[in-house]
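Inspection log for the structure reproduced underneath, given as structure tokens.
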Amino acid sequence: MQEKLSLAEAFKEAAFQLPAHGKRNVQVLKEVFEQIEGHLDSDIYGTGKVIEDFQANMAEVLGKEAAVFFPSGTMAQQIALRLWCDRKGLNQVAYHPLCHLEIHEEDGLKQLHHIESVLLADKNRLITLEDVQGMPEEVACLLLELPQREIGGQLPEYSELEAISAYCREKGIYLHLDGARLFEVLPYYQKSAAEVCALFDSVYISVYKGIGGIAGAVLAGTADFTAESKVWKRRHGGDLISLYPYIIPADFYFKQRVHKMEKYYEEAKALAALYNQCHAVTTLPLEPVSNMFHVHVSLPKTVVEDVLIDLYQATGIGLTSYVREVDEFSSYYEVSIGDNYSGVPQDKLQSLFVRLNERLQQASS
Ligand SMILES: Cc1ncc(COP(=O)(O)O)c(C=O)c1O
């Protein structure tokens with residue numbers, strides 16, 4: 001008898017994968033470098049045309065005086081917060097309980113910089129103006145993440161964001177944007193990147209999420225802030241002698257995808273609507289506000305996994321490679337829309353969801 005596949009294996013074997021841009025394989029890099037002349041000079045320790053041109057372009061897109069390329073957002077954001085704390089002479093920052101710094105960075109901010117965090121809002125909802133106004137302690141900086149990834153990519157209304165920004169300016173609290181997925185939220189806000197960034201003192205964006213590069217991040221702000229950030233980048237070992245293997249794909253895929261964010265957003269809404277018609281399923285948010293959302297199923301993780309494995313094998317379409325447990329009765333997974341979505345035939349997708357609904361009904365009874 002054939003051994004049963006895991007969900008990740010069944011996903012990989014499916015003819016179509018619905019989320020993301022495609023496989024994270026070497027082809028992503030090859031596609032870019034096939035078009036680049038071999039005599040192009042490398043950047044050297046943060047200097048050189050290849051890095052400087054990209055940084056100047058990103059500064060313009062983000063409407064800031066200057067921008068710096070970093071190997072990771074983790075490094076860029078810890079440095080940004082360190083700089084704001086030094087300026088204020090106060091080692092305390094505020095952010096959401098589920099922000100990347102708090103749950104995914106092994107306490108880098110605390111261990112490396114001795115900066116403490118004030119957690120604002122309940123973990124299941126967004127930070128509001130009221131939370132900021134009622135902050136129990138003084139902080140040097142407030143970090144806001146747009147969209148708030150760990151709660152399905154929710155977003156505050158733009159007016160709320162403007163009010164938080166105005167309040168922080170009035171109180172002398174620096175405001176930093178974790179914009180790992182900034183371009184992905186612009187179609188919902190109907191704003192330019194520069195308009196959103198104008199509400200913040202410093203901004204980080206990722207080049208490998210919606211943009212789909214290899215790895216890396218950009219930190220933008222005033223010229224003096226970014227100049228200081230370069231000193232810390234050096235201290236952190238972030239000044240790799242050559243960063244071009246990351247910068248050239250970042251530039252390539254940025255130009256290729258930045259105009260597709262509206263399309264991904266519309267597709268995410270259409271897909272979430274299909275999910276929400278299924279038994280025991282609700283998406284968070286109910287209507288996505290970017291290219292991402294979470295799929296919550298009120299069935300145990302192992303039951304959902306079995307349903308999905310059968311579904312992938314029957315239809316040739318993979319919806320997710322993993323399911324996470326919420327509790328013993330419910331589970332969820334994240335969906336991010338990219339280039340893959342439009343490659344999946346619509347009729348196949350419609351029949352997949354009819355089948356998914358039936359299978360979930362059976363699994364519940
Ligand atoms: C919201 C958010 N902030 C920061 C980061 C850190 O980015 P990096 O992986 O480049 O360190 C991530 C990465 O997943 C993220 O999702």
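Okay, here's what the table says:
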read-out	value
Tabulated pairs, segment 112-141, first in the same structural domain as GLN92 (by TED's automatic domain parsing), second aromatic (Phe, Trp, Tyr) and buried (at least 19 other Cβ atoms within 10 Å of the Cβ), C-beta under 6 angstrom, 6+ apart or interchain	ALA140/TRP84; CYS141/TRP84; CYS141/TYR174
Residue satisfying condition, being under 16 Å from PHE54 (Cα atoms) and crowded, with 18+ Cβ neighbours inside 10 Å, within set LEU175, LEU182, LEU243	LEU243
Residue tally, condition near the ligand (Cβ under 8 Å from one of its atoms), more than 20 Å from GLU65 (Cβ to Cβ) and touching a residue at least 60 places away in the same chain (Cβ under 8 Å), over segment 207-228	3
Only listed residue being assigned to a helix (DSSP H, G or I) and at pLDDT 95 or above, chosen from LEU271, LEU286, LEU299	LEU271
Leading residue by the ranking (nearest to VAL196 (Cα to Cα)) among those in segment 56-73 that are outside any strand (DSSP E or B) and among the aliphatic types (A, V, I, L, M)	LEU62
Segment 62-81, subset more than 14 Å from the ligand (Cβ to nearest atom) and crowded, with 19+ Cβ neighbours inside 10 Å, residue nearest to the chain's Cα centre (by Cα)	LEU62
From ASP53, ASP86, ASP41, ASP131, residue being more than 25 Å from ARG181 (Cβ to Cβ), of a type in the set (Asp, Glu) and assigned to a helix (DSSP H, G or I)	ASP86
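Condition check ((1) farther than 30 Å from VAL218 by Cβ; (2) in contact with an Asp or Glu (Cβ under 8 Å, 6 or more places away or on another chain)) across all residues:
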| site | (1), (2) |
| --- | --- |
| ALA270 | yes, no |
| GLU287 | no, no |
| ASN291 | no, yes |
| ILE309 | yes, no |
| GLU325 | yes, no |
| SER330 | yes, no |
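The values are calculated or read from the model by the stated rules, or taken from the named source; none is laboratory data. Worth saying up front: this structure is predicted, and the values here are computed from it rather than measured. Neighbour counts run over all protein chains shown; Cβ positions are idealised from the backbone, glycine included.
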